[in-house]
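Following: one structure in C-alpha cells, then a few remarks.
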Amino acid sequence: MATFVPATDRRVRSPHLPFGDRRETPYYGMDILSVLQFRREDLEYIFGVAKEMRSMVERVGTFDLLKGKILANLFYEPSTRTSSSFLAAMERMGGSVIPINEVTYSSVAKGESLPDTIRTLQAYADVIVLRHPEVGSAQLAAQYASKPIINAGDGVGEHPTQALLDLFTIEEELGRVDGLTVTMLGDLKYGRTVHSLARLLASFEVRINYVSPEILPMPEEVVGELEHRGIPQARAASLEAVLPETDVLYVTRVQKERFQDLEQYEQVKGAYVITPETLRRAKDEMIVMHPFPRVGEISTEVDADPRAAYFRQMEYGLYVRMALLAMVLGKA
Amino acid sequence: MATFVPATDRRVRSPHLPFGDRRETPYYGMDILSVLQFRREDLEYIFGVAKEMRSMVERVGTFDLLKGKILANLFYEPSTRTSSSFLAAMERMGGSVIPINEVTYSSVAKGESLPDTIRTLQAYADVIVLRHPEVGSAQLAAQYASKPIINAGDGVGEHPTQALLDLFTIEEELGRVDGLTVTMLGDLKYGRTVHSLARLLASFEVRINYVSPEILPMPEEVVGELEHRGIPQARAASLEAVLPETDVLYVTRVQKERFQDLEQYEQVKGAYVITPETLRRAKDEMIVMHPFPRVGEISTEVDADPRAAYFRQMEYGLYVRMALLAMVLGKA
Amino acid sequence: MATFVPATDRRVRSPHLPFGDRRETPYYGMDILSVLQFRREDLEYIFGVAKEMRSMVERVGTFDLLKGKILANLFYEPSTRTSSSFLAAMERMGGSVIPINEVTYSSVAKGESLPDTIRTLQAYADVIVLRHPEVGSAQLAAQYASKPIINAGDGVGEHPTQALLDLFTIEEELGRVDGLTVTMLGDLKYGRTVHSLARLLASFEVRINYVSPEILPMPEEVVGELEHRGIPQARAASLEAVLPETDVLYVTRVQKERFQDLEQYEQVKGAYVITPETLRRAKDEMIVMHPFPRVGEISTEVDADPRAAYFRQMEYGLYVRMALLAMVLGKA
C-alpha cells in the first residue's frame, strides 16, 4: 500500500538539470502515486485544468504547451489503453515520448532493479509514467527519482489516474459530484479501480451502493475508511434494488486471472451483465461507466443509449492525463 | 470481402471533436478500405498528391502539413515495413504516432472486441491505420469509427495502400500505366498484393499475364472481374514465353505459412527465381517489382540492374502513404 | 571484427534524396562502426560537440537542431537503455524516431536479410542505429546503406557509442584523460565495453590495470594492440593491489549468458563486488564506472558516494549520442 503523500509535501527537485521553466506552480515536480494524496481542493484544481485541456483539444486539437518535454512511458505490464492515453496526452501538448513496453525481454529481464532503471531513464526524460505488477513499486520509484513519477497502476495497489478520470467523467457528464448516488457493480474485491474511485468520492457528499458476488465484496479496509469519513454506504443484494436511485452505475469486469478456482469464475462471470432491459429501470439522467476492457459485462446493445458514458470516459482520460502531465511539469 | 465504398459516399464525420481544419477536400474523412473504392480519377488524384509529396520530401525532407495530427498505428500482426512506412509518412509531415505493435499481449488479448478497441483509440487519435489477420476487419472498424480508418492489410483480404504504391511505382518509373503489359509471377492464389494490383490496373488500358504454379493460380473471381472490365489476360506456362513483351514483372513470394502441406511448398518455392540470366531476355525499358520481403525469389545479383525497381518501390510507398494520410485528414 | 574505417574515408552519399542541409562538416554522412575509426583529434572533436550538447540541454532542455530528421532505431536484440538513449537524443534535438524493437516477430523473422531491411528503412529514415547479435553486422549494413549507420552493438563485436560515452564520462568527471590510471574489473574476456574503451584510451597517455577471474582475462589481441601503441598495462591479482593508484575504476558485470558452465558462473560472480568498504582504500578524486545494468557488482550502498559516477554516465551517454547524431547528419 502506497504511503500517504500530502500534496503540500512535494519534494524539492534537484537543481541539476533545469529542463524548461521553473515557475512555481502548486503541483510542479510532484509525484502522482495514490488517490490519498488528493484533497477536495486538489481534485477541483485538476478538474479545472482538465476542463481547459478539453476546451483546447476541441478548439485546436494540439498545442505546444509541453514542447521539448520528454515522457518515459515505462510499462512492465501491457496496457494499450493506458499507455496510448498517456502517449496521446503528451503528443497533444507537443511533447515527446520514450515508449518502453517490451520490458519483459529488455535489460530489466537481465535482473536490473526498478531503482536502477528509474535512475537511468531520468537521465533521458522529464517525467516517468510507471505501470508495474507489484504493489508499492511507484512509491519505490519515486523515492529514487528526481523527476516526477506518475503511477499508472501498481498491481492490485493503486491506479490513481484511472480514478481521477472516473471522477472527472462524473463531474463532466452530470455537472457535479455532490449529492449523487454511485452504485458499484461486479468484482469489488480485486477491482483496483473501484477502491480508488471510492476513496476519491469520499471527498464529496455522495452515497455509495455495492453490488457484488458474495466472494468479491468491497474490502473492509476501504469500507472502513469511507465510514470514518462519513460516507453513507450500503451493500445491496441485487442491482434491481438500487438501480432506480442510482446516478452513476460503475460496472467492473470479473477478471478471470484473479481467480484461483476457474469454476468459481464461471459461476459469477455472467451474473452481472447490463442490457437495455436492465436500464429500463434506471433514471433518465444517469450514466453507465466501465474502466474497460469489457468482455460482455455490458451488452453492446447498450452502446447507443445516451446514458452509456464509457466511450466518452476514454476521452476524459485524455484530458485528465494532459492536466496531470502539465501540472507536474510546471506548466499548468 | 470488404464492401464497395464509393469515394463519393464518405461518411459525414461527427462534429464532436473538430481536431484541426474542416476544409472540404474531396477525400476528407474518408476510409481507405479497398481498392474497389477507387475509380480512375481517384487514382490520378492520388498520383498527383503523391508526386507533390515526393517533390516536397526531395526538396525539404519534412514539413508541417500534419503538425498536431495523431495517427494510431494499430498492428495486430507484425509488419515492420508497413508500420514503419506509415510512421515515417506521418513524421515527415510533422504529425505524431501512437505505435501499437504489441497487441498480442495487450488488452486486446484480454478479449476486447475490435470495435471497442477502435472506439477507445479514436478518443486519442485523428486517424487509425489497422493491420489485422481477419478479412473484413477494416470494414468492421470503419463501421464503428468516427475517425478515418486506413486498411493496412486484413488477412487474405485487402491491402489497398500496397496496391496503390505498386501502381504509383509503375507510373513513376515508366511514366504511364496505359499501354503496358504487366506479368505477375509466383503465388497468385494467396498473394493478396497481386489481387489488389490487378483490380487497380483494370482502370487502365493494360494487358496482364499470369505465371504461377498450377496449384497457385490467380483466383477465378479476380480473373472474372477483369474480364468483365475488358482487360486482356493470359495464363502463361512459363515466364520465358511472356518476358520479352513484359513492361512490368511483378514477382511475389511463395509464403511458407500459406501451405498446409510443407512438401508442396518445397516443390514450388524455387521454381520462380529471377536472376541476371532471366533478365537477359527482358526489355531494356522494363521494371522488376516485388512487395517484399523476398527470400530468394529475386537473386541479389539483380539488385544492381537499373530495372530492379523494388527498393525504389519502398520509397514510393512513403509518398503514397503521405498522400493518403494528408487526404483523409483534409490537408491535400 | 569490423574493418578499420578511417574518419577521412567517409563515403560520398547519393545525391538522390537530399534531406536537409549538405553543409560540408567533417563527419557528415559518416558511419559510426568501430572505435578504431577515431583518432585523438576525432575524439576531441566529439568531446567538444558533446559538451555543447550538455550545455544546451542544461540551459534549454530541447532544441530544434534535427527538426525534420528521422532516426530508424533498429534493435534486433532488446536494449532498453541504449535504444531509449538514442531515442531521447533524437527527441531532445527535435527529430523523430521510427522505433523497431520487435524484430523477432516481424518481417525479419520471415527470413529477410539485413541488407534488404536496411535498404527498406533508408527509404524512410535519415540515419539508422543498429543493434544486432552478429559480429560484423553493422559493417555489413553500412556497405549497403546510403544513409549513415551507427553501430549500437554487434554481438561480441563492437559498441562504439558506449566506449565514447565512457571516455567522455572520464573527461567530464576528472577534467582530462591524459595521465590517468584506469583499472578494469570483472569479466574482461567477454566484456565488449572494456575492449572498446581500452582501444579508445590508447589514444591518450594512460596506464591500465586489469583485474579479472583467471578464466576471463582481457584478450591477448587487445593487450597486444595497446602494447604496440605504447600503453603501459598490468594484470593485477586483486583490486586491493591497484586501487590506491586508480583514477577510474571500471566495473563490469559477469554475464550469466556468456558462460557454458553455470557452475563456473556461480564461482566467479560474487568475487568482484564493490562496497563502501572497498572504496575506503580508493583516492578521494577518483570515479567508479559501470556500463549497466548491474546485478550486484556494485552495492547500492555505494550509490550515495560522490565517486559513484555510473548514474551520471547515463547522462553523458545522452550528450555523446546527441553529438554523434548531429555530426553524421551534418549539423555539428
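The values are calculated or read from the model by the stated rules, or taken from the named source; none is laboratory data. Computed from a predicted structure; not experimentally measured. When we count neighbours, we look across all protein chains shown, and the Cβ atoms used for this are built from the backbone with ideal geometry, even at glycine.
Quick grid of which residues meet (1) among the basic types (Lys, Arg); (2) without any contact (Cβ under 8 Å) to a residue 24 or more places away in the chain; (3) not assigned by TED's automatic domain parsing to the domain that holds C:Gly175:
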residue: C:Arg199; (1), (2), (3): yes, no, no
residue: C:Arg207; (1), (2), (3): yes, no, no
residue: C:Glu214; (1), (2), (3): no, yes, no
residue: C:Met218; (1), (2), (3): no, no, no
residue: C:Val223; (1), (2), (3): no, yes, no
residue: C:Pro232; (1), (2), (3): no, no, no
residue: C:Thr246; (1), (2), (3): no, no, no
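Any residue that is farther than 29 Å from C:Val156 by Cα, in contact (Cβ under 8 Å) with a residue 60 or more places away in the chain, within 14 Å of another protein chain (Cβ to nearest Cβ) and surrounded by 18 or more Cβ atoms within 10 Å (Cβ to Cβ) - is there at least one of those in segment C:316-332?
Among the residues of segment C:316-332, at least one is farther than 29 Å from C:Val156 by Cα, in contact (Cβ under 8 Å) with a residue 60 or more places away in the chain, within 14 Å of another protein chain (Cβ to nearest Cβ) and surrounded by 18 or more Cβ atoms within 10 Å (Cβ to Cβ), which makes the answer yes.
How many residues, within segment C:138-152, are surrounded by 24 or more Cβ atoms within 10 Å (Cβ to Cβ) and out of contact with any helix residue (DSSP H, G or I) (no Cβ under 6 Å at 6 or more places or on another chain)?
Number of matching residues: 4.
When segment A:119-128 is examined, which residues are found to be in contact (Cβ under 8 Å) with a residue 40 or more places away in the chain and assigned to a helix (DSSP H, G or I)?
If the condition is that a residue be in contact (Cβ under 8 Å) with a residue 40 or more places away in the chain and assigned to a helix (DSSP H, G or I), then A:Leu121 is the only one that fits.
Taking segment C:108-119, which residues are closer than 12 Å to C:Leu74 by Cα and either at pLDDT 60 or above or surrounded by 23 or more Cβ atoms within 10 Å (Cβ to Cβ) (or both)?
C:Leu114, C:Thr117, C:Ile118
Just a yes or no: is a residue in segment A:248-268 free of Cβ contacts under 8 Å to residues at least 12 places away in the same chain, more than 15 Å from A:Pro213 (Cα to Cα), in contact with a Lys or Arg (Cβ under 9 Å, 6 or more places away or on another chain) and among the acidic types (Asp, Glu)?
Looking through segment A:248-268, at least one residue is free of Cβ contacts under 8 Å to residues at least 12 places away in the same chain, more than 15 Å from A:Pro213 (Cα to Cα), in contact with a Lys or Arg (Cβ under 9 Å, 6 or more places away or on another chain) and among the acidic types (Asp, Glu).
Could you run through segment B:27-63 and say how many residues are in a loop (DSSP other than H, G, I, E, B), more than 14 Å from every other protein chain (Cβ to nearest Cβ) and either of a type outside the set (Gly, Ala, Ser) or surrounded by fewer than 19 Cβ atoms within 10 Å (Cβ to Cβ) (or both)?
7
Sort out which residues of segment A:129-152 are touching a Phe, Trp or Tyr at 6+ places or on another chain (Cβ under 9 Å) and not in a loop (DSSP other than H, G, I, E, B), and write them in order of number.
Listed by number, the residues that qualify are A:Val129, A:Leu130, A:Arg131, A:His132, A:Ser137, A:Ile150, A:Ala152.
Quick check: anything in segment B:257-269 farther than 23 Å from B:Val35 by Cα, out of contact with any Leu (no Cβ under 6 Å at 6 or more places or on another chain) and modelled with pLDDT of 95 or more?
The answer is no, given that none of the residues of segment B:257-269 is farther than 23 Å from B:Val35 by Cα, out of contact with any Leu (no Cβ under 6 Å at 6 or more places or on another chain) and modelled with pLDDT of 95 or more.
For the subset of segment A:306-315 comprising residues that are touching a helix residue (DSSP H, G or I) at 6+ places or on another chain (Cβ under 7 Å) and away from every other protein chain (no Cβ under 12 Å), which member is nearest to A:Gly48 (Cα to Cα)?
A:Ala309
Does C:Ala50 satisfy the criteria of being modelled with pLDDT of 95 or more and closer than 17 Å to A:Tyr124 by Cα?
yes
Quick check on segment A:299-330: of everything there that is of a type in the set (Lys, Arg) and in a helix (DSSP H, G or I), which residue is farthest from A:Asp126 (Cα to Cα)?
Per the criteria, the residue is A:Arg312.
Checking the condition buried (at least 23 other Cβ atoms within 10 Å of the Cβ), within 12 Å of chain B (Cβ to nearest Cβ) and in a loop (DSSP other than H, G, I, E, B), which residue from C:Leu66, C:Leu71 passes?
Step by step, each of C:Leu66, C:Leu71 is checked, and only C:Leu66 is buried (at least 23 other Cβ atoms within 10 Å of the Cβ), within 12 Å of chain B (Cβ to nearest Cβ) and in a loop (DSSP other than H, G, I, E, B).
In the list B:Arg92, B:Arg131, which residue meets the criterion of being touching a residue at least 24 places away in the same chain (Cβ under 8 Å), buried (at least 22 other Cβ atoms within 10 Å of the Cβ), within 14 Å of chain C (Cβ to nearest Cβ) and under 25 Å from B:Gly191 (Cβ atoms)?
One residue alone meets the criteria, B:Arg131.
Every residue in segment A:105-164 that is among the polar types (S, T, N, Q) and within 14 Å of the chain's Cα centre (by Cα), please.
Within segment A:105-164, A:Asn151, A:Thr161, A:Gln162 qualify.
Looking only at segment B:74-89, how many residues end up being part of a helix (DSSP H, G or I) and more than 7 Å from chain C (Cβ to nearest Cβ)?
Total meeting the criteria: 4.
Among the residues of segment C:95-107 satisfying the criterion of being outside any helix (DSSP H, G or I) and more than 10 Å from chain A (Cβ to nearest Cβ), which is modelled with the highest pLDDT?
Looking at residues that are outside any helix (DSSP H, G or I) and more than 10 Å from chain A (Cβ to nearest Cβ), I get C:Ile98.
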